1. Would it be correct to say that Tyr88 is open to solvent by 10 Å² or more (accessible area, probe 1.4 Å), of a type in the set (Phe, Trp, Tyr) and either within 14 Å of Gly163 (Cα to Cα) or touching a residue at least 24 places away in the same chain (Cβ under 8 Å) (or both)?
2. Could you go through segment 31-38 and let me know if any residue there is in contact (Cβ under 8 Å) with a residue 12 or more places away in the chain and assigned to a loop (DSSP other than H, G, I, E, B).
3. Before we move on, is Tyr220 hydroxyl-bearing (Ser, Thr, Tyr), open to solvent by 20 Å² or more (accessible area, probe 1.4 Å) and under 30 Å from Val62 (Cα atoms)?
4. Would you pick out the residues in segment 212-240 that are within 30 Å of Gln3 (Cβ to Cβ) and either in the same structural domain as Cys115 (by TED's automatic domain parsing) or not hydrophobic (A, V, I, L, M, F, W, C) (or both)?
5. Applying the selection to segment 203-217, what residues are open to solvent by 50 Å² or more (accessible area, probe 1.4 Å) and out of contact with any Ser or Thr (no Cβ under 7 Å at 6 or more places or on another chain)?
6. Test of understanding: among Asp110, Asp153, Asp126, Asp162, which residue is touching a residue at least 12 places away in the same chain (Cβ under 8 Å) and within 18 Å of Val276 (Cβ to Cβ)?
7. If Ile182 satisfies every condition in (1) in contact with a Ser or Thr (Cβ under 8 Å, 6 or more places away or on another chain); (2) open to solvent by less than 20 Å² (accessible area, probe 1.4 Å); (3) of a type outside the set (Gly, Ala, Ser); (4) closer than 25 Å to Val276 by Cα but one, which is the exception?
8. Would you check which residues across segment 36-66 are within 13 Å of the ligand (Cβ to nearest atom) and surrounded by 15 or more Cβ atoms within 10 Å (Cβ to Cβ) and list them?
Amino acid sequence: MSQSKSRITAFGTYVPERILTNADLEKLVETSDEWIVQRTGMKERRIAAPDQYVSDLAIQAVEDMVRRYGVTVQDVDMILVATSTPEYAFPSTASRVQSKFKIVSTGALDLNAACAGFVYALQLADGLLCSGAYRKVLVIGAETLSKITDYTDRTTCVLFGDGAGAILLERDEESPGVLASISGTFGEGGIHLYKTALSEQMDGTDLKSGCLVQNGREIYKWAIRNIPEGVRTLLSKANMNAEEVEWFVPHSANLRMIEGINERGPFTMDRTLTSVEYRGNTSAASIPLALQLAVDEGRLQAGDHVLLYGFGGGMTYAGSIVRWTI
Ligand code: ACO
């Protein structure tokens, strides 16, 4: 039985205008369209303008949501922003969103769970609504990974892009939409994907300072080994089988990796939604961007069940089965 008392009532996204193609990357580093497509499935990513930061993307996603669904955000009582690339350590991105929309009375906080951030934020919002203390929560996943990417490092610069997604989650005891959730972390793997902040060491190991650093192979192995099992655990917690879930929406890190997960897991690629091909890896924004593409293509319909599964730096993960109610 679901403990949830909330459902999604509106949804919007935003990606910056500038497109970075594989051909553009061929001019920056020694790589090729063939290598990138074969190893990652990526063709393009969107890149924020130099003066465009994560709060700008988040605000645009909220504006898109307001336009599409005719909702107001003036009465939200909490803003949660999942991001690893805030423009300030503080004030929070959520406070910037509050300020832009002049919301008179709301809580506001950022959370960092890397690429699992959007699903974590959704789960926290559901918990707040379940408590009865909150009635309407704005959940945003937004990233400007291009601003922490080293464009001289071919092993990372081909992967990442920028974007944002926003949902409104409202209390609804009669027809809740968040059916089951799991989360977890494997902190020992933190060294495989990091960006330094105040410290330049981790557990005695010197770190490379400044940009995002990753050990792609280790992440790949961890994801393939753990995510199929996590997906099965989540299905079992919801007392559902994979046939009852219309869409699997894993974090869009890499298409080949998602294929590897599906080879070992209960879903097939034709029931998997991704944003990886034309958006790259957008971390906390990748799941909402995949949902948006599916809504726009008419694939994702009200009443469908989606299994969202974020994973990444930490190494951390969070999965939720959600009934799509809009
Ligand atoms: N173009 C051409 N050659 C490249 C490139 C590139 N862009 N990048 C690496 N290579 C080369 C390497 O130098 C290496 O050459 P060598 O054999 O002469 O040493 C060769 O290609 C193979 O390199 P690997 O790193 O072993 O390549 P792999 O097949 O593992 O693919 C990749 C790399 C795509 C990064 C893969 O490991 C991967 O996708 N891992 C998961 C990464 C991921 O998902 N990260 C994000 C998760 S969390 C988050 O989203 C923040």
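The values are calculated or read from the model by the stated rules, or taken from the named source; none is laboratory data. Everything numeric in this text was worked out from a predicted model, so none of it was measured. Using ideal geometry, Cβ is built from the backbone for each residue, glycine included, and neighbour counts are taken over all protein chains shown. Side chains included, ligands, DNA and RNA excluded: accessible areas come from the protein's heavy atoms. Shrake-Rupley method; radii C 1.70, N 1.55, O 1.52, S 1.80 Å.
1. no
2. yes
3. Against the criterion (hydroxyl-bearing (Ser, Thr, Tyr), open to solvent by 20 Å² or more (accessible area, probe 1.4 Å) and under 30 Å from Val62 (Cα atoms)), Tyr220 does not qualify.
4. Arg225, Asn226, Pro228, Glu229, Gly230, Arg232, Thr233, Ser236, Lys237, Asn239
5. Listed by number, the residues that qualify are Asp203, Gly204, Thr205, Asp206, Lys208, Asn215, Arg217.
6. That would be Asp162, the only listed residue that is touching a residue at least 12 places away in the same chain (Cβ under 8 Å) and within 18 Å of Val276 (Cβ to Cβ).
7. In the conditions (1) in contact with a Ser or Thr (Cβ under 8 Å, 6 or more places away or on another chain); (2) open to solvent by less than 20 Å² (accessible area, probe 1.4 Å); (3) of a type outside the set (Gly, Ala, Ser); (4) closer than 25 Å to Val276 by Cα, Ile182 misses (2) alone.
8. Passing the criteria: Ile36, Val37, Arg39, Thr40, Gly41, Met42, Arg45.
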